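In what follows, a single structure is set out as structure tokens and then discussed.
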Amino acid sequence: MDDVFARFSENRWDDFLDELDKIRVSVVDPAERPQMKATARRDAREAGSQPLLVRMAIADHYLNLLAIGVWAGDESWRADLRDLVATLVPDGDESRDDGLLSSVIAVVLAQLLQDARLRGGSEADVIARAAWEKAQEWAAYAEDRHVERLLHASTEAGARVVTASEVQEVVELATAAADDQHAETLAALEAEGLNAEVMNGVWVVDGDFRNPVRAAARAITLTGYGCVLARNERQSAVMLWHENTLAMADSKVPRWRVYPILAPVTPQSKFSGGEGLPATRDTHPLAPAPEVVRRLADAVGVNLSHLLAALR
């Protein structure tokens, strides 16, 4: 561990932000970037064994290096920062300033969520999601006065910095998630232009989208196992998904169609082809619903008769 972090070993919470200012750097010779990255990665790997204030300082140092362009064109920082977030979640007996710790966590999560989505499937999305699940409950308690001093500014090429508004979005989502178990999913749907509400366990998506089947596939990919009803003024579509099986029906073709969904396939990718529905030999009349559809409805906890009514 670099000697520069020794000053944070004395558990002096009141001096933390002042000490951070002393170790931050504003420019680096491009020739030194590879060594700085290697050292930062080593410090990140060793962070878990350090006192909490040291872990927080290491996380801020990582953000500092991002801000001065050390990782320009290199996305490998994401996994390191995800692991650093995990170390910031304190043990129960560690002394701490909750507002300051939460502010550091919120800023780090905001950095990870840049160009990433909590419900997406890219590598950046998956990394951000893992960090969020580990630390999001702490982000809700960030304090503006601390966040302001934790932000980095830079004009370096390839710099990555977060803004106060990006951190505020993280704080608001974390706060909403603490009050509403569906807050994260609603935010992900809204980001895709899908207005949704949960009704009797069903995600109901209304909109002016042209193809409700594709809207349902996108929505259920974001929401995960469960049930989605997507509808516009002309058509409605229902999807039930649990484990490796998905059943769908729409008001224009009143039959249940059943598909296997095996990773890396998702409902969205399954229904992203041409205008027609994906081929399947596993089709059934809408009513009475076949056993496979009844099992799916039971597994995700929805009333099948209500779904049938929505398709008529």
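The values are calculated or read from the model by the stated rules, or taken from the named source; none is laboratory data. Being a predicted model, the structure only gives us computed values, none of them experimental. A quick note on method: Cβ atoms are made from the backbone with ideal geometry, for glycine too, and the neighbour counts reach across all protein chains shown. Just the protein is used for accessible areas: all its heavy atoms, side chains included, with ligands, DNA and RNA removed. Shrake-Rupley method; radii C 1.70, N 1.55, O 1.52, S 1.80 Å.
Within region 218-280, which strands (runs of 3 or more DSSP E) (wholly inside it) include 3 or more residues that are modelled with pLDDT of 95 or more and either farther than 25 Å from Glu197 by Cβ or open to solvent by 60 Å² or more (accessible area, probe 1.4 Å) (or both)? Before you say what the answer is, go through the steps one by one.
Details: elements: 226-231, 236-242, 245-250, 253-260.
So the answer is 253-260.
Does region 153-203 hold any residues that are in a strand (DSSP E or B) and open to solvent by 50 Å² or more (accessible area, probe 1.4 Å), and which are they? Explain how you work it out, then say what you get.
So the first thing to find is which residues in region 153-203 are in a strand (DSSP E or B), and the list is 195-199, 202-203.
Asn195, Glu197, Val198, Met199 - these are the residues of region 153-203 that are in a strand (DSSP E or B) and open to solvent by 50 Å² or more (accessible area, probe 1.4 Å).
Name every residue in region 52-79 that is aliphatic (A, V, I, L, M), open to solvent by less than 10 Å² (accessible area, probe 1.4 Å) and part of a loop (DSSP other than H, G, I, E, B), in order of residue number.
The answer is Ile68, Val70.
Condition first: surrounded by fewer than 16 Cβ atoms within 10 Å (Cβ to Cβ), part of a helix (DSSP H, G or I) and under 13 Å from the mean Cα position of the chain (by Cα). Can you find one or more residues in region 102-112 that meet it? Even if it seems obvious, please write down each step before you answer.
Narrowing region 102-112 to residues surrounded by fewer than 16 Cβ atoms within 10 Å (Cβ to Cβ): none.
No: region 102-112 contains no residue that is surrounded by fewer than 16 Cβ atoms within 10 Å (Cβ to Cβ), part of a helix (DSSP H, G or I) and under 13 Å from the mean Cα position of the chain (by Cα).
With the structure loaded, tell me whether Arg82 is open to solvent by 60 Å² or more (accessible area, probe 1.4 Å) and modelled with pLDDT of 95 or more or whether it fails that test. Talk me through it step by step, then tell me what you get.
On the way: open to solvent by 60 Å² or more (accessible area, probe 1.4 Å): yes; modelled with pLDDT of 95 or more: yes.
Spelling it out, Arg82 is indeed open to solvent by 60 Å² or more (accessible area, probe 1.4 Å) and modelled with pLDDT of 95 or more.
Which of (1) crowded, with 16+ Cβ neighbours inside 10 Å; (2) more than 25 Å from Pro267 (Cα to Cα); (3) of a type in the set (A, V, I, L, M) is the odd one out, the single condition Ala128 does not satisfy?
(2)
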